[in-house]
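The values are calculated or read from the model by the stated rules, or taken from the named source; none is laboratory data. All values reported here derive from a predicted model rather than from experimental measurement. For neighbour counting, all protein chains shown are included, and Cβ atoms are generated from backbone atoms with ideal geometry for every residue, glycine included. Accessible surface areas use protein heavy atoms only, side chains included; no ligands, DNA or RNA. Shrake-Rupley method; radii C 1.70, N 1.55, O 1.52, S 1.80 Å.
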Amino acid sequence: MRRSLRDSVVGFSLLGGILIFTFFSFWIKGVKLSSKNWHLFAEFNNASGLSKKSPVTYRGIIVGSVEEILFTNKSIKAKIILNNPDLILSKPAFARVVTNSFLGGDVQVALETSEKTIPKNTPKAISDKCDSKLIICQGDTITGKQLSSLSNITNRINQLLKESN
């Protein structure tokens with residue numbers, strides 16, 4: 001009787017350890033089973049420095065991350081996952097690639113919208129009744145603005161000098 005009790009305690013401890021390891025590995029990878037994430041796309045002409053898992057901010061608060069970067073002939077599309085189902089982005093909205101400091105640093109996407117007020121009973125972005133004329137809905141594409149880096153400014157000055165000559 002004592003041996004079976006000891007064996008069952010060891011077995012349950014091993015099973016608990018495996019479950020805790022699985023939970024933490026999913027947590028580190030960013031997989032959330034119970035959250036209602038939604039996505040949108042940002043289309044950039046130049047998104048230098050942008051990568052997967054880059055943070056996405058709205059009014060200075062991190063609200064999501066870049067999940068995937070898709071390349072087309074004309075532009076670069078970033079699939080943005082937003083982790084707040086109650087977030088409402090009024091139109092017009094755009095995404096800007098920014099850095100944390102003047103000297104460079106980590107690149108992130110900053111979502112910017114108009115200061116238009118939205119009626120209180122407006123359906124959320126993940127709702128089937130989302131009004132895509134008023135707010136950004138799940139799966140919508142917004143335009144992106146590129147980062148003004150030193151190399152971009154230098155190239156633009158060179159182009160202006162060539163045109164002036």
Once the Cα atoms of helix 150-164 and of the chain are each reduced to a long axis, what angle between those two axes, in degrees from 0 to 90 to the nearest 10, is obtained?
-> 20
As a check on your grasp of the helix formula, calculate [θ] at 222 nm for the chain: sum -39500 (n - 2.57) over DSSP H runs of n ≥ 4, divide by the residue count, round to the nearest 500.
-> -9000 deg cm²/dmol
Could you state the per residue volume, in Å³, of the convex hull enclosing the Cα atoms of segment 1-87?
-> 136
Ranked by GNM mean-square fluctuation in the chain (Cα springs under 10 Å), the top entry among THR122, THR154, THR113 is THR154
Debye log10 I(q)/I(0) at q = 0.17 Å⁻¹ for the chain, Cα point scatterers | -1.05
Leaving out ligands and nucleic acids, note down the accessible area per residue over the chain with a 1.4 angstrom probe, in whole Å².
-> 72
When the chain is treated as a GNM, springs tying every alpha-carbon pair under 10 Å, which of ASN73, ASN84, ASN45 comes out with the largest mean-square fluctuation?
-> ASN73
Segment SER51-PHE71, extension gain: residue separation times 0.36 nm, minus the distance between their alpha carbons | 6.0 nm
With a Förster radius of 41 Å, plug the Cβ-Cβ distance of ILE28 and ILE157 into 1/(1 + (r/R0)^6) and report the FRET value to the nearest 0.05.
-> 0.40
Please give the FRET efficiency for VAL10 paired with PHE41, using the beta carbon to beta carbon distance and R0 = 45 Å, rounded to the nearest 0.05.
-> 0.35
Return the carbon/sulfur percentage of the accessible area of the chain, one whole number, probe 1.4 Å, all protein chains in place.
-> 58
Treat every Asp and Glu Cβ in the chain as -1 and every Lys and Arg Cβ as +1, leave all other atoms uncharged, and give the resulting dipole magnitude about the Cα centre to the nearest 20 debye.
-> 360
